[in-house]
Amino acid sequence: MSDVPKTHPRYLSLTLRDRIVRGVEQGITSIHGLIAHGRGEAFDYLIAEKTQHFATAAIHAAAAMLCLAKHPVISVNGNVAALVPEDLIKLGQVLNAPLEVNIFHTETGREQKIKDHLLKHGAKEVLLPSTEAQLDYIDSNRKFVHPKGIFKADVVFVPLEDGDRCEALRKMGKDVVTVDLNPMSRTAQQASITIVDNVVRTLPLLCDEIKAFSDKNTAHNVISQYSNEAILQKVLQHIRNANKT
Ligand code: PTJ
């Protein structure tokens, strides 16, 4: 970052803004992504910009679910591609799962630019949406998926998105793991597992948790005891308590 010193108290937050702005300049991130990022910042304030206990529990359950998945897929949009390209690639490696570009705001060439960006950061293979396979229950651009990727997946990791696709994926019988700082969003409410945390903090923790899971029975137990509804209630309670004066 050019003009903000590392000693600035908001350095990290400003660095993330820079990544998103750069993403827009490079044609990777939608201009709408700036608004989504700002909304995320506001919610991040409310959880003190830290990975809280409810996120740790959700990350643990997410690791279990992803470890047990037969065909996990990591969905990549313009915001996460700009914020955490390397971490997405690492997650793909630890899970042996493909990355698939899937965006909401249609802009000519952006999907290919996201793919090129991920390849430049070291991804081996990145799937693009196709017209050969479509999701049911959804009308937006997000319905176009890759036949060997999201279409075939049993568990889809879908960080930061609008709720439509999450709902469609669930209706199609797939499990969805999301990362969303807004516990009230439709995605947060409809996902199988919602990690209410900043995606930049979550991904390294999730990779570590996945590496630590070796036993399938433990993973089954973790999932059977997990309630996404209860976790979201804890988030709301935390926000209310933390902001009492
Ligand atoms: O690249 P595209 O076209 O697919 O567009 C991507 C965005 C994110 C613009 C699009 O999916 C969108 O408009 O999403 P929404 O409906 O604004 O939802 C984004 C959600 O992510 C909001 O609930 C934000 O609070 C949340 N969010 C934003 N930044 C972060 C975040 N959650 C976790 N980590 C973040 N860094």
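The values are calculated or read from the model by the stated rules, or taken from the named source; none is laboratory data. Just so you know, these numbers come straight off a predicted model, no measurement behind them. Cβ: placed from backbone, ideal geometry, glycine included. Neighbour counts: every protein chain shown. Side chains included, ligands, DNA and RNA excluded: accessible areas come from the protein's heavy atoms. Shrake-Rupley method; radii C 1.70, N 1.55, O 1.52, S 1.80 Å.
Considering the range 186-197, and only residues there that are open to solvent by 20 Å² or more (accessible area, probe 1.4 Å) and within 12 Å of the ligand (Cβ to nearest atom), the residue that is farthest from A82 (Cα to Cα) turns out to be Q189.
In the range 64-80, the residues that are without any contact (Cβ under 8 Å) to a residue 60 or more places away in the chain form Cβ pairs under 9 Å with partners that are acidic (D, E) and open to solvent by 20 Å² or more (accessible area, probe 1.4 Å), at six or more places apart or across chains, as follows: G78/E107.
Within the range 129-146, the set of residues being polar (S, T, N, Q) and more than 16 Å from the ligand (Cβ to nearest atom) comprises S130, T131, Q134.
Which is in a helix (DSSP H, G or I), open to solvent by 40 Å² or more (accessible area, probe 1.4 Å), over 25 Å from D87 (Cα atoms) and away from the ligand (no atom under 16 Å from the Cβ), of E229, E209? Show your work before the answer.
Details: E209 fails: over 25 Å from D87 (Cα atoms).
Being in a helix (DSSP H, G or I), open to solvent by 40 Å² or more (accessible area, probe 1.4 Å), over 25 Å from D87 (Cα atoms) and away from the ligand (no atom under 16 Å from the Cβ) holds for just one of E229, E209, which is E229.
Here L14 passes the criteria (1) of a type in the set (A, V, I, L, M, F, W, C); (2) within 30 Å of V222 (Cα to Cα); (3) free of Cβ contacts under 8 Å to residues at least 24 places away in the same chain except the one numbered (2). For the range 11-57, the tally of residues that are over 24 Å from K244 (Cα atoms), assigned to a loop (DSSP other than H, G, I, E, B) and either more than 13 Å from the ligand (Cβ to nearest atom) or open to solvent by 40 Å² or more (accessible area, probe 1.4 Å) (or both) stands at 2.
Quick check: anything in the range 60-75 part of a helix (DSSP H, G or I) and open to solvent by 50 Å² or more (accessible area, probe 1.4 Å)? For the range 60-75, residues part of a helix (DSSP H, G or I) and open to solvent by 50 Å² or more (accessible area, probe 1.4 Å): present. The residue that is farthest from the chain's Cα centre (by Cα), counting only those in the range 90-120 that are surrounded by fewer than 20 Cβ atoms within 10 Å (Cβ to Cβ) and away from the ligand (no atom under 16 Å from the Cβ), is K120. Taking the range 121-144 as the range and being more than 14 Å from A81 (Cβ to Cβ) and either among the polar types (S, T, N, Q) or surrounded by fewer than 15 Cβ atoms within 10 Å (Cβ to Cβ) (or both) as the test, the residues that pass are K124, E125, S130, T131, E132, Q134, D136, Y137, D139, S140, N141. Among the residues of the range 158-181, those identified as in a loop (DSSP other than H, G, I, E, B), within 14 Å of the chain's Cα centre (by Cα) and crowded, with 20+ Cβ neighbours inside 10 Å are V158, P159, L160, E161, D180, L181.
H71 passes all but one of (1) more than 16 Å from the chain's Cα centre (by Cα); (2) within 30 Å of A242 (Cβ to Cβ); which number fails? Every listed condition holds for H71 apart from (2).
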